[in-house]
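The values are calculated or read from the model by the stated rules, or taken from the named source; none is laboratory data. Everything numeric here is computed off the predicted structure, so don't read it as measured data. As a convention, Cβ positions derive from the backbone with ideal geometry for all residues, glycine included, and neighbour counts pool all protein chains shown. Quick note on the areas: whole protein, heavy atoms, side chains included, nothing else; ligands and nucleic acids left out. Shrake-Rupley method; radii C 1.70, N 1.55, O 1.52, S 1.80 Å.
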Amino acid sequence: MKKFLFLILLLTSSNLNAQIINRWFDVYSEKGNFNGWYRQNNLQSFDKDNLLLIDQHFANNQPFLAVTNDGGQKWDTIFESKSFEYEINAIAYPSKERIVWVGDSSEYQGSEGYNSYYRLSGVFFTSTDAGKSWNKIQIDSNTMLDYVVMLDENTGIINQRGFSNMYNKNISYWDTLYYTENFFKTYTKIPVPDSLTFVVKIYMFSKNNFIIQTANYSQKKYKYLETTDQGKTWTEFMDAKLTADLFFINRLIAYKIEYKPLVNPDNYESLIYKTTNGGIDWIYCFTPTDSYWSTSYRVWSIAAADADNVIAVGSNGAIFRTDDGGINWQKEFTPNISGGYDLEYDNLLYISYPEKNCAYITGGDFVLKMNGEKTLSRPILNRYMDRISPFGIKAFWKPIDGAKKYNIQIANSPGNNVYDYKVFDNPVFDTVVTDTSIVLPDFDFNNCYYGRIKSISDDMESEWTIKASMFCTFQNADYTDPPIFISPLPGTLIDTNYCELKWHSVSGADEYQLQISDDRFYQGNVINQQGSNDTVFIAEDLIPGTRYNARVRVISGTKITNWSTTYFTISDLSSVININFDDGNQISIYPNPAEDYIEISLHNGASLIAAGKVQIFDMLGIEVMSVGTELDLSTQRIDVSQIPAGVYFIKIGDRVEKFVKM
């Protein structure tokens, strides 16, 4: 993959505007907690109707197995542990009759100082009659079993992990694989080929060919290792340091989620890649983003029904799906659960994707299902991060293709409780509009309000999109709007070690307070300037390669406004390629800043086709997009409506220019 040393943000061509999406609904509500300490997966299916999951009655004990044979309409408990008897760490479900789960039992051994010690004994249970009866096998003490995978009904692997205890503190931490070809009636041991290495995940392609994901936390080594001779020899498949998840359709085709650390990050960016040649080359597909959340979505699980149909899930109820092999991605939505709320703050963790039109996800307190039923996509209301005037508030959203009208409701938030969605039983504002914006009626001071909206067509309507605390109003009439930054715009890349900050003046302001920090919580501020009514400030001696956050507010006697914010990054000048931005090199970009599209053209009317393809680069200098110039034109339009706000670099031949996305 080509590299070009620019410090910029990400541009993606993936489409998130599809009007018709899959409808998700809940089919199971958890009893205690889906997520055990060592649990790698709690959801397995072998077809669209037969699904197995791990739940537990309380947060830390009494795990049990629940199964459905009708796609989630009816659930049965087929194994149940007594309190603190077993921990169930992983399951495999290779057929309707055959089930295996692995875990451990523990025996309290006493305390030494502040430490309590337990002797773990690895256990696994197998069933050949759909869980009616179980065969138990217990492994030597000081071990646990934490992963199982089945290639077919008979061939599979269990991972054993070793632990020390107060009587045997020198036990080796090497993991061991238990390999079977007769459904664990017998098994052979395969040592993991690295000292102090933990096995995180196992992928099987044949009886001899499998890949393990390993981690050595003390040495910070993370790898994927492959064997083609049933563990006699191993080779490194790829580095796993920044890989969040990897899913193989077969040995040649796979998708992965990779994390990209940002400069002084508020979060990692999640990048989705695809390989069609067994990992020799990885093709960039997509970076999940959303206009509502200020940072990129953190997705950490990915699964596929086939090479074209793929789902990735993660934080803030994120569901992203492609049905064309990763070219275009749709954002899909968690359902409105009982009580009217969606899972906007919940994490979606595990996916089972047995067929193109059927998938299951564990998220929040529920198992969610998609069965191919379609619905209209949901609009997303704007929100206001700081308190605002209660008069003349504007609500707006992007249009949904196919929607003819929108139903918008505003409700008062009693006690500012972000989880109380029953307030929509009596909204303070409820209307249907055909436009994509509306000026709301006057509201009360010192209140917070929810907003929800849905799109409506002739024969279909979306579920509600609910966002808690859409806005809060000033405490009283003495409050006023904060100053607004003119520059730098959010995400601006600064090519010098100083930055000029400008903001709009506020009538009657006695003074402004400006803070600049390399910490998003403004701990240990680099600059804290107060006592001046100037609306311009030059910050000097800034550190290359650092992202800075800036905020400004008005202080006038007892009147103090909310903060207005922006952020910018100082270029790491030592690593940026030397580009001469003269008239002979420059690309013209209009409009700049841009909202929905940019038009690029070369100086002196040169044709784009003569210059070559248009290339886009990310902050690490990795090429993330290229657009061929098929027509012999001097100007080309590129849609940038779906990319997040920030600074971008475009390269055509040896010409480079940057633009700002609003």
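A DSSP coil position with no more than 11 other Cβ atoms inside 10 Å describes the following chymotrypsin sites (Phe, Trp or Tyr not before Pro) in the stretch 85-118: Tyr114. Sparse packing (at most 14 other Cβ atoms within 10 Å of the Cβ) combined with a DSSP loop state is found for the following GluC sites (Glu not before Pro) in the stretch 49-102: Glu85, Glu97. Mean projection of the Cα convex hull over all viewing directions, computed for the stretch 16-135: 10.3 nm².
Separation of the stretch 498-522 and the stretch 128-150, taken as the distance between their Cα centroids, equals 61 angstrom.
Segment Leu252..Asp401, full-extension length gain: 50.0 nm, with 0.36 nm per residue of separation and the alpha-carbon distance subtracted.
Per residue, the stretch 330-464 exposes 44 Å² of accessible surface when a 1.4 Å probe is rolled over the protein heavy atoms with every protein chain present.
Which of the pairs Lys223/Lys260; Lys48/Lys374; Lys207/Lys274; Lys48/Lys274; Lys96/Lys221; Lys31/Lys331 have their Cα atoms more than 27 Å apart in this structure? As for pairs spanning more than 27 Å Cα to Cα, those are Lys96/Lys221; Lys31/Lys331.
Extension gain, Asp306 to Gln523: 0.36 nm times the residue separation minus the Cα-Cα distance gives 73.4 nm.
Please work out the FRET efficiency for the pair Ser487 and Met460, using the Cβ-Cβ distance as r and a Förster radius of 45 Å; give the result to the nearest 0.05.
0.55
Length gained on full extension, Ile438 to Thr186: 83.8 nm, using 0.36 nm per residue less the C-alpha separation.
Between Asn357 and Gln230, the FRET efficiency estimated from the beta carbon spacing at R0 = 41 angstrom works out to 0.65.
Spin-label model, Lys241/Asn154: points 7 Å from Cα along the beta carbon direction are separated by 4.4 nm.
Rounded, prolate or oblate: which one fits the stretch 63-215, using the alpha carbon gyration tensor with axes a ≥ b ≥ c (rounded when a/c is under 1.5, else prolate when a/b beats b/c, else oblate)? Taking the square roots of the gyration eigenvalues as a ≥ b ≥ c, the stretch 63-215 is oblate. Averaging the Cα positions of each part gives two centres, and for the stretch 452-493 and the stretch 375-430 these lie 8 Å apart. Rounded if a/c is under 1.5, else prolate if a/b is larger than b/c, else oblate: which is the stretch 407-496, with a ≥ b ≥ c the root eigenvalues of its Cα gyration tensor? The shape class here is oblate.
Give me the lysines in straight-line cross-link reach of Lys422: C-alpha distance below 21 Å, same-chain residues under 8 apart excluded. Once the sequence-local lysines are set aside, what remains near Lys422 is Lys454, Lys467. Note on Thr546 and Phe84: their simple-model spin labels are 5.1 nm apart, each label 7 Å out from Cα toward Cβ. For the stretch 297-365, trypsin sites (Lys or Arg not before Pro) are listed when DSSP marks them as loop and at most 14 other Cβ atoms sit within 10 Å of their Cβ; the list is Lys356.
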